[in-house]
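In what follows, a structure is listed as structure tokens, so that the remarks can point back to it.
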Amino acid sequence: MALCPVVGKLLHKRVVLASASPRRREILSNAGVRFEVVPSRFKEKLNKASFSAPYAYAVETAKQKALDVASRMHQKDLRAPDVVIGADTIVTVGGLILEKPVDKQDAYRMLSSLSGKEHSVFTGVAIVHCYSRDGQLDTDISEFYEETKVKFSELSEELLWEYIHSGEPMDKAGGYGIQALGGMLVEYIHGDFLNVVGFPLNHFCKKLAELYYPPKPEDVQRVKHDSIPTVDTFENPSDVEGGGSEPAQRNPGSGEGEGWGPCAPGAGGSLVEAEGDPRARGTKEAAKCNRTAETLPPFPADLLELIEGFKASKALFTACKLKVFDLLRDVAPQKAVDIAGNVDASLYKTERLLDFCTAVGILEKTEQGYSNTELANLYLVSDSEDSLHSFIMRNNDHTWNLFTHLEFAIQEGTSQPRRALGKEAEDLFQDSHPQSKETQLQFMRAMHGLTRLTAHQVATAFNLSWFTSACDLGGCTGALACKLAQEYPHLQVTVLDLPNVMEHASCFQPHGPEAAQISFVSGDFFRDSLPRADLYILSRILHDLPDDRVHDLLSRVSGSSKPGGSLLLVEAVLDDEQAARVSLMQSLNTLVQTQGRQRSRGEYRRLLQQHGFCDVQVARVGDTLDVFLGTRAAP
Ligand SMILES: O=c1[nH]cc([C@@H]2O[C@H](COP(=O)(O)OP(=O)(O)OP(=O)(O)O)[C@@H](O)[C@H]2O)c(=O)[nH]1
């Protein structure tokens with residue numbers, strides 16, 4: 001692949017990304033760069049007025065971020081990394097520089113100044129090559145910036161506040177994330193999209209090419225000014241023999257603005273080398289080393305992520321189990337020593353865990369200590385409204401064990417609760433296998449968090465306003481019922497679930513006005529008569545059941561439905577290409593846990609029709625869920 005040789009030049013180096021931005025991390029790792037993350041502690045408070053142009057401010061800030069990390073790492077290890085990359089993204093409008101908003105009012109101020117206008121996004125980048133000379137840090141700095149123009153639509157007050165309350169603006173330059181909800185505000189962009197997201201990858205590759213493959217005078221005519229060189233363009237004997245592997249050193253005679261000097265004759269065409277200079281010797285060795293790097297196959301970044309992915313999951317599970325995010329919700333920032341003391345763990349190892357959490361964007365680290373990111377406050381704190389803490393703990397305590405038996409599930413074609421948990425698959429959802437109150441509550445909280453993630457979209461996938469009564473079969477904590485009641489004030493919703501679930505449902509009952517619309521009924525939808533309703537709901541139930549039980553349940557629902565009544569079915573389906581990876585992973589989850597199976601959209605549609613539900617409509621919700629609405633025909 002043409003881009004690989006450029007990025008491949010970094011493969012044998014210790015590369016550090018001096019940034020806490022999860023977006024920068026993702027962009028660089030998607031490009032196959034292997035690197036460590038050490039967030040910079042440089043305070044972004046240079047005097048903006050002292051810069052001739054906004055981009056100069058971004059470039060200088062990027063440089064200071066990278067230098068801060070280089071010098072800290074050098075002091076700590078007495079060895080700096082080979083390359084440190086720093087970046088800074090700003091937005092400019094009407095002569096003002098906008099950085100990350102400090103609070104919601106600030107986000108409002110920023111976003112309203114962008115409404116209906118074109119603005120510029122600048123990302124400054126510094127690539128700092130580090131060398132150790134007599135114990136001192138020496139650096140060669142290469143810097144550049146990229147500009148992208150973005151135009152916003154006119155934004156209503158309501159939209160602005162809704163967007164601000166989503167929490168997305170808070171850690172983003174200019175108060176928006178073009179890659180997520182913020183993309184909806186954008187009318188057009190001119191330039192590099194990834195530059196807006198935080199890292200101008202294309203310009204970065206060109207810069208690397210310029211550094212590692214400086215054109216020889218005779219090549220100047222051959223190289224298109226703005227192209228990223230490929231192997232074909234540059235691979236020739238003199239390039240391989242003499243260099244092109246280490247960045248070309250600045251010609252001592254050339255000024256800062258002149259960029260990188262052309263090759264010195266006799267040094268293989270690309271390096272200025274001094275006899276006896278250890279740095280030059282290192283360069284020769286590296287050149288030999290990188291000769292093979294050029295012919296290496298593409299770096300398997302995605303594969304490595306797959307191989308090691310379980311370690312990242314386990315680190316998150318551990319931080320949740322130690323309630324690190326609860327601790328930091330209450331008091332932040334906190335130093336590692338205080339957090340370790342609070343969670344009763346080793347200081348050194350806690351610090352490693354906290355730094356990992358910082359690197360993956362769920363904690364922030366400053367000189368004052370660690371704090372939760374917005375994401376952690378929303379989802380990782382154990383008692384937040386949208387908490388996924390119990391879902392994470394369920395994965396840690398339950399699903400993890402099941403997945404260690406995946407090979408048996410595949411070989412034997414059976415689910416594995418007996419081997420993994422000492423239970424039968426059918427006992428997982430039944431009263432027949434009593435669970436401790438804590439396990440039951442953990443399961444219910446996990447389902448609650450998961451259901452809430454998509455409940456609004458499920459409730460509004462179709463216009464359900466003409467129904468007056470609904471029954472959510474296996475509706476657990478009533479998370480979906482609650483959204484339905486909020487959306488449709490004339491709808492009465494019954495939640496039917498097993499007695500062991502209903503026993504704890506009161507812990508989740510809503511307190512708002514919608515509480516009066518919801519009732520909880522204890523029962524087994526396979527045995528007891530179903531509460532009367534003109535809309536039945538089966539949300540994420542059928543995939544856990546084998547075919548005979550699916551037919552059994554659907555015929556009971558169909559038998560209870562009046563002509564004109566409907567069934568709303570919610571399931572992750574198997575055959576949608578876009579969602580293939582997530583759905584396939586869920587299908588592994590189903591096969592290891594239960595006797596059910598994931599089905600295709602066509603299969604669910606046929607199942608509904610077979611049981612008398614016609615005019616089946618389907619809507620896609622989020623990345624994975626399909627919502628089906630079928631109407632009971634007259635028998
Ligand atoms: O559309 C988007 N625009 C910007 C972003 C993110 O915004 C921040 C910009 O902040 P900064 O450059 O100061 O970087 P930090 O996040 O503070 O990390 P450092 O440790 O590098 O200072 C950046 O994260 C962009 O990715 C976005 O996501 N979308």
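The values are calculated or read from the model by the stated rules, or taken from the named source; none is laboratory data. Every value quoted in this text rests on a predicted model; they were computed, and no experiment measured them. Here Cβ is always computed from backbone atoms with ideal geometry, including for glycine, and neighbour counts include all displayed protein chains. Heavy atoms of the whole protein, side chains included, go into the accessibility calculation; ligands, DNA and RNA do not. Shrake-Rupley method; radii C 1.70, N 1.55, O 1.52, S 1.80 Å.
Filter segment 400-425 for residues that are among the basic types (K, R) and in a helix (DSSP H, G or I); which is surrounded by the most Cβ atoms within 10 Å (Cβ to Cβ)?
Filtering first and then ranking leaves R419.
Pick from K206, K151: which is of a type in the set (K, R), outside any loop (DSSP other than H, G, I, E, B) and at pLDDT below 95?
K206
Out of segment 536-546, which residues are open to solvent by 10 Å² or more (accessible area, probe 1.4 Å) and not in a strand (DSSP E or B)?
Of everything in segment 536-546, those that are open to solvent by 10 Å² or more (accessible area, probe 1.4 Å) and not in a strand (DSSP E or B) turn out to be R540, I541, H543, D544, L545, P546.
Just one of (1) out of contact with any strand residue (DSSP E or B) (no Cβ under 9 Å at 6 or more places or on another chain); (2) assigned to a helix (DSSP H, G or I); (3) at pLDDT below 75 trips up V272, so point out which.
Evaluating V272 over (1) out of contact with any strand residue (DSSP E or B) (no Cβ under 9 Å at 6 or more places or on another chain); (2) assigned to a helix (DSSP H, G or I); (3) at pLDDT below 75 leaves (2) as the failure.
Which one of the conditions (1) among the hydroxyl-bearing types (S, T, Y); (2) assigned to a loop (DSSP other than H, G, I, E, B); (3) touching an Asp or Glu at 6+ places or on another chain (Cβ under 7 Å) does Y131 fail to meet, given that it meets all the rest?
Against the list (1) among the hydroxyl-bearing types (S, T, Y); (2) assigned to a loop (DSSP other than H, G, I, E, B); (3) touching an Asp or Glu at 6+ places or on another chain (Cβ under 7 Å), Y131 comes up short only on (2).
For segment 178-191, name all the residues that are near the ligand (Cβ under 10 Å from one of its atoms) and free of Cβ contacts under 8 Å to residues at least 24 places away in the same chain.
Scanning segment 178-191 gives A180, G182, G183.
Which condition from (1) at pLDDT 95 or above; (2) surrounded by 19 or more Cβ atoms within 10 Å (Cβ to Cβ); (3) part of a helix (DSSP H, G or I) is the one that E514 breaks?
That leaves (1) as the condition not met.
Of the residues that sit in segment 1-44 and are open to solvent by less than 50 Å² (accessible area, probe 1.4 Å) and of a type in the set (S, T, N, Q), which one is farthest from V102 (Cα to Cα)?
S29
State all residues of segment 6-32 that are of a type in the set (K, R) and either within 17 Å of D355 (Cβ to Cβ) or away from the ligand (no atom under 14 Å from the Cβ) (or both); if no residue qualifies, say none.
Scanning segment 6-32 gives K9, K13, R14, R24, R25.
Hey, could you check segment 602-624 for residues that are at positive phi and in contact with a helix residue (DSSP H, G or I) (Cβ under 8 Å, 6 or more places away or on another chain) and say which is surrounded by the fewest Cβ atoms within 10 Å (Cβ to Cβ)?
G622
Rundown of residues vs (1) in contact with a Leu (Cβ under 8 Å, 6 or more places away or on another chain); (2) open to solvent by 70 Å² or more (accessible area, probe 1.4 Å), yes/no style:
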position	(1), (2)
G116	yes, no
F122	no, no
C130	yes, no
E157	no, yes
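I'd like the residue in segment 573-593 that is surrounded by fewer than 19 Cβ atoms within 10 Å (Cβ to Cβ) and over 21 Å from L453 (Cβ atoms) and, out of all such residues, is farthest from the chain's Cα centre (by Cα).
Across segment 573-593, the extreme among qualifying residues is D575.
What residue, of I164, I189, I141, I178, is part of a loop (DSSP other than H, G, I, E, B) and either aliphatic (A, V, I, L, M) or open to solvent by less than 30 Å² (accessible area, probe 1.4 Å) (or both)?
I178
Could you list, in sequence order, the residues of segment 192-206 that are crowded, with 21+ Cβ neighbours inside 10 Å and within 13 Å of the ligand (Cβ to nearest atom)?
Selection gives L194, N195, V196, V197, G198, F199, P200, L201.
One line per residue, one yes/no per condition, for (1) hydrophobic (A, V, I, L, M, F, W, C); (2) in contact with a strand residue (DSSP E or B) (Cβ under 9 Å, 6 or more places away or on another chain):
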{"site": "V557", "(1), (2)": "yes, yes"}
{"site": "G564", "(1), (2)": "no, yes"}
{"site": "R581", "(1), (2)": "no, no"}
{"site": "Q617", "(1), (2)": "no, yes"}
{"site": "L629", "(1), (2)": "yes, yes"}
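Restricting to segment 45-90, count the residues that are under 31 Å from the mean Cα position of the chain (by Cα), open to solvent by 60 Å² or more (accessible area, probe 1.4 Å) and closer than 17 Å to V121 by Cα.
1
Here are E147, E162: which of them is of a type in the set (D, E) and closer than 21 Å to A376 by Cα?
None of the others qualify; the one that does is E162.
Taking D103 as meeting all but one of (1) under 17 Å from Q136 (Cα atoms); (2) of a type in the set (D, E, K, R); (3) within 16 Å of the ligand (Cβ to nearest atom), write down the number of the exception.
Here D103 meets the rest and fails (1).
Among the residues of segment 167-175, is there at least one that is more than 26 Å from the chain's Cα centre (by Cα), within 29 Å of D82 (Cβ to Cβ) and either within 16 Å of the ligand (Cβ to nearest atom) or open to solvent by 40 Å² or more (accessible area, probe 1.4 Å) (or both)?
no
Quick check, is R72 among the charged types (D, E, K, R) and within 14 Å of the ligand (Cβ to nearest atom)?
It is true that R72 is among the charged types (D, E, K, R) and within 14 Å of the ligand (Cβ to nearest atom).
Listed residues D326, D386, D397, D338; which is assigned to a helix (DSSP H, G or I), among the acidic types (D, E) and open to solvent by less than 60 Å² (accessible area, probe 1.4 Å)?
Only one candidate qualifies: D326.
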